[in-house]
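Note sheet for the following structure.
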Amino acid sequence: MSKEIKRYLVTSALPYANGPVHIGHLAGVYVPSDIYVRYLRLRGRDVLSICGSDEHGVPITIKARKEGVTPQDIVDRYHALIKRSFEGLGISFDIYSRTTSPVHAVTASDFFRKLYDEGKFIEQTSLQYYDEEAKTFLADRYIVGTCPKCGNDRAYGDQCEKCGSTLSPDELIEPHSAVSGSVPVKRETKHWYLPLNLYEQTLRHWILDGHKEWKSNVYGQCKSWLDGGLQPRAVSRDLDWGIPVPVEGAEGKVLYVWFDAPIGYISATKELTPDWEKYWKDDETKLVHFIGKDNIVFHCIVFPSMLMAHGGYILPENVPANEFLNLEGDKISTSRNWAIWLHEYLEEMPGKEDVLRYVLCANAPETKDNDFTWKDFQARNNNELVAVLGNFVNRALVLTKKYYDGEVPACGELNDYDRATVAELQTIKSALEENIENYRFREALKEAMNFARIGNKYLADTEPWKVVKSDPERVKTILYIALQITANLATAIEPFMPFSAAKILDMLACSRFDWETLGSMELLSAGHTIGTPSLLFEKIEDDVIERQLAKLAAIKAANQAAEASQQVEPQKDEISFEDFGRADIRVSTVKAAERVPKTKKLLKLTIDTGVDTREIVSGIAEYYSPEELVGRQVLVLVNLAPREIKGVVSRGMILMAADASGRLTLLQPSAETVNGAVVG
């Protein structure tokens, strides 16, 4: 039996305050969240929309150090920019707070202290990298070295941004400190851990049994984590930027950003209203987290475990997470500046806020990664917003001005076609509601646009500009219906395109209608005088798009130049001829190849080395298909010690070369050679 819902609390992932917001963030989180919240407000629901800047963590300190400023300088700059950008796009948070606020510091400290006092944490001492020159422990992001997967010599201790691999500091080749450049040493340090394993069964029942309606990407990722078994997770870090761990003996330690940040939802609600507890602790509140897919584990596993450990808090009813949005066929990358930044868009495309909202919703990556292209942006504006929505509204209003001096005419008797059109319009409301309430915003937008599509067809079929000459009374009914459709449009599109909805209402000279009236053919009274018609949208010409494409082309060229100038790896330590002689490299032939199940990068190869036939696991599935490899001669290090990888014993290594982008290429003999021929 579903619970009664008296209020809604909607949170949007806290954007990280070390850079601006781009279209990937908007499509993944903020546009869907705003559509949902605006819809609930239109329906008269008690709803709060909560967001704010995530202002702690290592990337902020790294950026501050590079620029020679304080971390506070960095977060102040980007908090203001992000807040202003959201407002410019009409993202209507009830509060946009920040995790450096005094209220948040107290809330996060009290949260930690309650769990600490109740013995909910475990203390563990471990060996972590320490910079003796800078006299500081190094978080993963402060450790830089060569990626073992692609050879990138600027990989971080937690991730290689070139090939996207998740790493640990111990996997890096020749790790060094990003602070001083020195080689770090291992030292003991104590931290507090939340034992997620204690909440595993509760999480399993809550998610896997209780929320099968969640999106498949969210449900599947949660199931994968739970099936793999949860482990204790550190909630503190050795840093000087963040909220200090509020216990004795914790000098130089702060709350880990992924413990600190989600508490920001609670502290922001506290800032907004003294009644915050009814939104966080009342079972009749529906809590919804809007996030990107890279944050699923934190919002579905870690934060709920924190709330369970604390006690008294409700858990989210849904966590709708979208997939990723690419840009012109390439993954959006902040480090490569491959993005469309919201603040730049607002400056370069004034008055086109709703065009971006429309395109990002119409092309939202709801079930799979999608691609934003400027040509599609132009086509959707010109062929859908201008030609369908704008065209209908303009025709309805201009004809009313022309024939009736702007007064809504009286409706006469409806014919069968009128009644069929009205009936079709009245079915849209339920479809709109069902799609929005189930987070299918792309489908919902199509339904909202159906008012304009049906309206266009109605005017095209009834031809009032022709009929007015022979049957002027009939035209009054036609335009009465067309104006009612226009009024309905203002309500239907408001969650998606609030600026355009407001413009329609202004042109109709009326105030906002309630959601419950959607589908009514009595929104505008006969005799009501409308305002002055104007174009709702303008056509985007080719030169506007060419400027944006040229801007991206310049960014791509700069990235390629940077990659081309990447320094060649320095020569490794000298070895003797005897050392080289121990490496047994043979010409071999690939006899069979297949993908390793449940992996994206691994292939299992059956190799004829001339010495024997063996199996080798190689991480080249991103660059070569199994079919491409069969029959090829390759070079194999045959006397490498065997290693089990994903249940397959790999005996040897295929020799590859990595270019500046990290792409792997097979090394092959220049002419066919007998298997087993020795390379040396």
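Between Lys466 and Lys601, what is 0.36 nm times their sequence separation minus the Cα-Cα distance? Round to one decimal in nm.
Values: separation 135, 0.36 × 135 = 48.60 nm, distance 6.50 nm.
This chain segment gains 42.1 nm when fully extended.
I need the phi-derived Karplus couplings for segment 48-62: 6.51 cos²θ - 1.76 cosθ + 1.60, θ = phi - 60°, integer Hz, Gly and Pro marked x.
Ordered by residue, 3J(HN,Hα) equals 10, 10, 10, 7, x, 8, 8, 10, 10, x, 5, x, 5, 5, 5 Hz.
Mind checking the angle between helix 416-426 and the chain's longest principal axis? C-alpha axes, 0 to 90 degrees, to the nearest 10.
Value to nearest ten degrees: 40.
If you count the DSSP beta bridges with both ends in the chain, what percent of them are antiparallel, to the nearest 5?
Around 70 percent antiparallel, to the nearest 5.
Taking the Cβ-Cβ separation of Ser670 and Leu549 as r and a Förster radius of 45 Å, what is the calculated FRET efficiency to the nearest 0.05?
Once the sixth-power term is evaluated, E becomes 0.65.
Of Tyr480, Ser430, Pro464, which is farthest on the positive side of the dipole of segment 395-511, counting Cα position, with +1 on Lys and Arg Cβ, -1 on Asp and Glu Cβ, and the Cα centre as origin?
Toward the positive end, the furthest listed residue is Pro464.
Just one of (i) 92, 63, 47; (ii) 115, 53, 48; (iii) 103, 68, 51 is Cα extents along the principal axes in Å as worked out from the coordinates here. Which one is it?
(iii)
I'd like the distance separating the alpha-carbon centroids of segment 476-493 and segment 78-122, in whole Å.
Spelled out, the Cα-based centre of one part sits 43 Å from the other.
Express in whole angstrom the spacing between the alpha-carbon centres of segment 534-563 and segment 502-529.
With segment 534-563 and segment 502-529 each reduced to a Cα centre, they are spaced 38 Å.
Going Cα to Cα from Lys212, which lysines come in below 25 Å? Please leave out same-chain ones fewer than 8 positions away.
In chain and number order, the partners are Lys3, Lys6, Lys223, Lys281, Lys286, Lys293, Lys368, Lys598.
Just to confirm my numbers, what's the Cα centroid distance between segment 340-369 and segment 602-680 in Å?
The distance from the Cα centre of segment 340-369 to that of segment 602-680 comes to 45 Å.
If you take every residue apart from Lys286 with its C-beta less than 14 Å away from the C-beta of Lys286, what net charge results, scoring Lys and Arg +1 and Asp and Glu -1?
Combined, the nearby Lys, Arg, Asp and Glu give -1.
Roll a 1.4 Å probe over the protein heavy atoms and report the accessible area of Trp225 in Å², nearest 10.
Accessible surface of Trp225 is approximately 100 Å².
Once you list every other residue whose beta carbon is under 15 Å from the beta carbon of Ile301, what net charge do they have if Lys and Arg are +1 and Asp and Glu are -1?
The answer is +1.
Applying 1/(1 + (r/R0)^6) with R0 = 45 Å to the Cβ-Cβ distance of Thr613 and Ala379, what FRET efficiency is obtained, to the nearest 0.05? Before the final figure, lay out each step's value.
Numbers: r = 55 Å, r/R0 = 1.21.
With R0 = 45 Å, the Cβ-Cβ based efficiency is 0.25.
Starting with the highest mean, order 50-60, 340-350 by the number of other Cβ atoms within 10 Å, averaged over the residues of each peptide. Working shown, then result.
Values: 50-60: 25.3, 340-350: 17.0.
Ranking, from highest mean packing down: 50-60, 340-350.
Two decimals, Cα atoms only, Kirkwood Rh: what is Rg/Rh over segment 584-680? All intermediate terms of the calculation are to be shown ahead of the outcome.
Values: Rg = 12.6 Å, Rh = 13.4 Å.
Reported Rg/Rh (Cα atoms, Kirkwood Rh): 0.94.
Determine the order of Thr285, Thr273 by accessible area, beginning with the largest, at a probe radius of 1.4 Å.
Thr273, Thr285
The values are calculated or read from the model by the stated rules, or taken from the named source; none is laboratory data. The structure presented is a predicted model; accordingly, all values stated were derived computationally and were not measured. Note: ideal-geometry Cβ built from the backbone for every residue, glycine included; neighbour counts use all protein chains shown. For accessibility, only protein heavy atoms count, side chains too; no ligands or nucleic acids. Shrake-Rupley method; radii C 1.70, N 1.55, O 1.52, S 1.80 Å.
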